[in-house]
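In what follows, a single structure is set out as structure tokens and then discussed.
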Amino acid sequence: MTSRPHIDVRPITEAEFTDWLRAVNTGFLREPTPSKTELEARRTQFAPGRYLGAFDGDRCVATFRSFAQELTAVGGTPVPADAITGVTVTATHRRRGLLTRMMAQDLAAAKERGDVVATLIAAEYPIYGRYGFGPATWMTEWTVDVPRSGLDPRRPAPDDGSRIDLLDAEDVRKLGPDLHERLRRTQPGAVSRGEWWWQVNTGAVRIGSSWKEPFYAVYRSADGEVEGMASYEADDNWQDKQPHNTAVVNWLIATRPAAERALWHYLCSIDWVTKVKSGWRGPDDLLPDFLPDPRAARVTAQADWLWVRILDVVRALEARTYDREASLVLEVTDAAGLADGRYLLEASAQGASCTPTTRSADLTLDVVELAGVWLGGESVLRLAALGRVREERAGAAREADALLRASGRPWCPDMF
């Protein structure tokens, strides 16, 4: 091969934003040249130092972006997170360590800022474990066969004084943020949503040509409080003069099971709709058991979702809650050196302390495995059986499993 000039990895300037966005579109196999509308919309989010690019001469050949986020730990405490997105390497420049250089630069800056974790949604599974990320939440999508569900479509409205109404986008932008804030304070794995999220997901800001205005439904309790909201679309599919339409849920959030139940019943009672696709739900979502016949909800997708990278073990373990009293010494390995060490975790229902220690380790695990364990959705015993956690003291894996597992699975409703 002929030699190539040095490829410069650095924060981009605002003047380079168009070239950077063209590289992002190329990496994601979208039409390369951004439209004027998309360019103007995305430029409003530009933050110096948080957009990285790799440049071969004047051409941007790899991209990386991060932004400030909060992630809810077990028990409801939000921790500062470095949210990573827009990661691409142009096909002509793969296998040259460009992502490794950008990732190292960003994670070092996040650690310096005091972020407790880094987060991302992985397009491809094998990539991010190399950088200390592990899958910490999972998603399941159900498709409901409405005629089989057993629900009575003649009685879609709640009978307890609550109600469901349709909203327009402006009302969603007014009512949605407070509802989401109340949800994420109780849902491990949930992340913060800024004003940009609500603008993009209600069409106030258009970043692509495929925008289709959805329907919005809101659930209000008997005293008028907003406790649930859903965004959904529907196709137009008729066969032999019979409707076979599918309602596709873009997102559905609720602060109480009663609101969830009512919204799902409403979606399954819409005239002409014979199937409802649930969108990205938690793996232990209540949806199937809201139906008289749970078999009517068929799993049509299941995969890893939010990946987490622990940057500060002490603050991460102290931020979450524990249901029992225990003392545990964890040996955390981290090839990047950002979170490795031996830590004494002393936990109880009243709180926890985590300190570096020289005591003998009870368990040894990599920072990759620590992510799922920390957020409460992964079993230490299962990881030990897979050889990903090493038990240094007999019985320690079972004790750690009882201490670290949460009562419900973590869930991240968002894509970013």
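Looking only at the range 183-198, which residues are open to solvent by less than 50 Å² (accessible area, probe 1.4 Å), part of a helix (DSSP H, G or I) and not aliphatic (A, V, I, L, M)? Before the answer, list the steps.
Initially, the range 183-198 is screened for residues open to solvent by less than 50 Å² (accessible area, probe 1.4 Å), giving 183-184, 187-194, 197-198.
Those left that are additionally part of a helix (DSSP H, G or I): 183-184, 197-198.
Arg184, Trp197, Trp198, listed by residue number.
Considering Asp223, Asp236, the condition of being over 27 Å from Ala406 (Cα atoms), part of a loop (DSSP other than H, G, I, E, B) and modelled with pLDDT under 95 is satisfied by Asp236 alone.
Among the criteria (1) surrounded by 22 or more Cβ atoms within 10 Å (Cβ to Cβ); (2) part of a helix (DSSP H, G or I); (3) small (Gly, Ala, Ser), the one Ala230 does not fulfil is (2). Within the range 273-305, the residues that satisfy the criterion of being farther than 17 Å from Asp152 by Cβ, of a type outside the set (Gly, Ala, Ser) and in a loop (DSSP other than H, G, I, E, B) are Trp280, Pro283, Asp284, Asp285, Leu286, Trp305.
When restricted to residues that are closer than 30 Å to Cys268 by Cα, surrounded by 17 or more Cβ atoms within 10 Å (Cβ to Cβ), in contact (Cβ under 8 Å) with a residue 40 or more places away in the chain and touching a Pro at 6+ places or on another chain (Cβ under 9 Å), the range 288-320 contains 5. Note on the range 233-276: among residues that are within 29 Å of the chain's Cα centre (by Cα) and aromatic (Phe, Trp, Tyr), the one that is surrounded by the fewest Cβ atoms within 10 Å (Cβ to Cβ) is Trp251. The residues on offer are Asp323, Asp366, and the sole one that is under 20 Å from Trp411 (Cβ atoms), open to solvent by 40 Å² or more (accessible area, probe 1.4 Å), in contact (Cβ under 8 Å) with a residue 12 or more places away in the chain and not aliphatic (A, V, I, L, M) is Asp323.
Filter the range 382-397 down to residues that are closer than 28 Å to Pro283 by Cβ and open to solvent by less than 60 Å² (accessible area, probe 1.4 Å), then give me how many there are.
Step one: filter the range 382-397 for residues closer than 28 Å to Pro283 by Cβ, giving 382-391, 396-397.
This time we only want the ones that are open to solvent by less than 60 Å² (accessible area, probe 1.4 Å), so: 383-384, 389, 396-397.
Qualifying residue count for the region: 5.
Counting only strands (runs of 3 or more DSSP E) that fall entirely inside the range 5-111 and contain at least 1 residues that are crowded, with 22+ Cβ neighbours inside 10 Å, the qualifying elements are 51-56, 59-72, 78-89.
To keep it simple, each residue is scored yes or no on (1) touching a strand residue (DSSP E or B) at 6+ places or on another chain (Cβ under 7 Å); (2) of a type outside the set (Asp, Glu); (3) at pLDDT below 95.
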position: Phe17; (1), (2), (3): no, yes, no
position: Arg30; (1), (2), (3): no, yes, yes
position: Lys36; (1), (2), (3): no, yes, yes
position: Asp58; (1), (2), (3): no, no, yes
position: Arg101; (1), (2), (3): yes, yes, no
position: Gln105; (1), (2), (3): yes, yes, no
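Just the residues that are without any contact (Cβ under 8 Å) to a residue 60 or more places away in the chain, under 18 Å from Glu260 (Cβ atoms) and not hydrophobic (A, V, I, L, M, F, W, C), please, taken from the range 156-175. Correct list: Asp159, Arg163, Asp165.
The values are calculated or read from the model by the stated rules, or taken from the named source; none is laboratory data. Bear in mind that the values here come from a model prediction, so they are computed numbers and not experimental data. Positions of Cβ are backbone-derived with ideal geometry, glycine not excepted, and every protein chain shown enters the neighbour counts. Keep in mind that these areas ignore ligands, DNA and RNA; they rest on the heavy atoms of the full protein, side chains included. Shrake-Rupley method; radii C 1.70, N 1.55, O 1.52, S 1.80 Å.
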